[in-house]
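Note sheet for the following structure.
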Amino acid sequence: MDKLKKVLSGDDEEAETRSGIFSDEEDDVPLLRSINEGATFSWSTRIKGFLICFSIGWAFSLLGSFFLAIPGRGVIIFGIFYTFGNILSLTSTCFLMGPLNQLKKMFAPTRLIATLLMLLFMTLALLSALLWNNVALTVLFCILEFLALTWYSISYIPYARTAIKNAVSACVG
């Protein structure tokens, strides 16, 4: 458990002594230091927060899937619930790593394109559901959102994207 805690917090040497949500360079700023002190959670609280937020997000996505059976605007409601559930599930990792560390990892060069595509398709799914009321676009963007979120998620597993690329190229070529 300590190894997981060290990896997720991003502080291999300091994970035991510091459990704040900001890195050392932000701790030099008095305002951020005071926010850090007020937002410090114990490791068990972080795990509980992650599990609760992830579970609620998963429940929203699952509930959205049930709305597919409703004729008419059911697909629109599906797009809203599914995307909101994915957003909640994604933000649940902020409990483990802290919001700034999560943002830094999201926009790291290795996963920048996956992050931007994921955010683009989430936005387009919500726009097509809320503003455009277009069922076909909502379904298309939710499928693309799922694929982008999957690609983004496996970017955290070492060599997983390379393995998948090799497997697909072996099947195709």
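The values are calculated or read from the model by the stated rules, or taken from the named source; none is laboratory data. Please read these numbers as outputs of a predicted model, since none were measured by experiment. Here Cβ is always computed from backbone atoms with ideal geometry, including for glycine, and neighbour counts include all displayed protein chains.
Report every pair of residues separated by at least 6 positions or lying on different chains whose Cβ atoms are under 6 Å apart, first residue within segment 117-128 and small (G, A, S), second not in a helix (DSSP H, G or I).
S128/N134
Report every pair of residues separated by at least 6 positions or lying on different chains whose Cβ atoms are under 6 Å apart, first residue within segment 67-79 and within 12 Å of V139 (Cα to Cα) and small (G, A, S), second assigned to a helix (DSSP H, G or I) and modelled with pLDDT of 85 or more.
Here the result reads G74/F67; G79/A125; G79/A129; G79/T138; G79/C142, each pair linking segment 67-79 to a residue that is assigned to a helix (DSSP H, G or I) and modelled with pLDDT of 85 or more.
Within segment 122-158, track down each residue that is within 20 Å of the chain's Cα centre (by Cα) and aromatic (F, W, Y).
Within segment 122-158, F141, F146, W151, Y152, Y156 meet the criteria.
So is F141 under 23 Å from P71 (Cβ atoms) and touching a residue at least 24 places away in the same chain (Cβ under 8 Å) or not?
Judged against the criteria, F141 is a match.
Of all the residues that make up segment 120-136, how many are surrounded by fewer than 17 Cβ atoms within 10 Å (Cβ to Cβ) and part of a helix (DSSP H, G or I)?
5
What residue, of F67, F50, F54, F84, is touching a Gly at 6+ places or on another chain (Cβ under 6 Å), surrounded by fewer than 20 Cβ atoms within 10 Å (Cβ to Cβ), among the aromatic types (F, W, Y) and part of a helix (DSSP H, G or I)?
When all the criteria are applied, what remains is F67.
Could you grab the pairs with beta carbons closer than 8 Å, sequence gap of 6+ or different chains, first residue in segment 81-101 and in contact (Cβ under 8 Å) with a residue 60 or more places away in the chain and within 17 Å of F67 (Cβ to Cβ), second one in a helix (DSSP H, G or I) and of a type in the set (D, E)?
Y82/E145; T83/E145; N86/E145
Among the residues in segment 148-167, are any within 30 Å of R73 (Cβ to Cβ) and of a type in the set (D, E, K, R)? Break it down stepwise before answering.
Taking segment 148-167 and keeping what is within 30 Å of R73 (Cβ to Cβ), we get 148-153.
Checking the rest, the ones that are also of a type in the set (D, E, K, R) come to none.
There is no residue in segment 148-167 that is within 30 Å of R73 (Cβ to Cβ) and of a type in the set (D, E, K, R).
Quick one: in segment 137-160, which of the residues that are of a type in the set (F, W, Y) and outside any loop (DSSP other than H, G, I, E, B) is farthest from K104 (Cα to Cα)?
Checked segment 137-160; the qualifying residue farthest from K104 (Cα to Cα) is F141.
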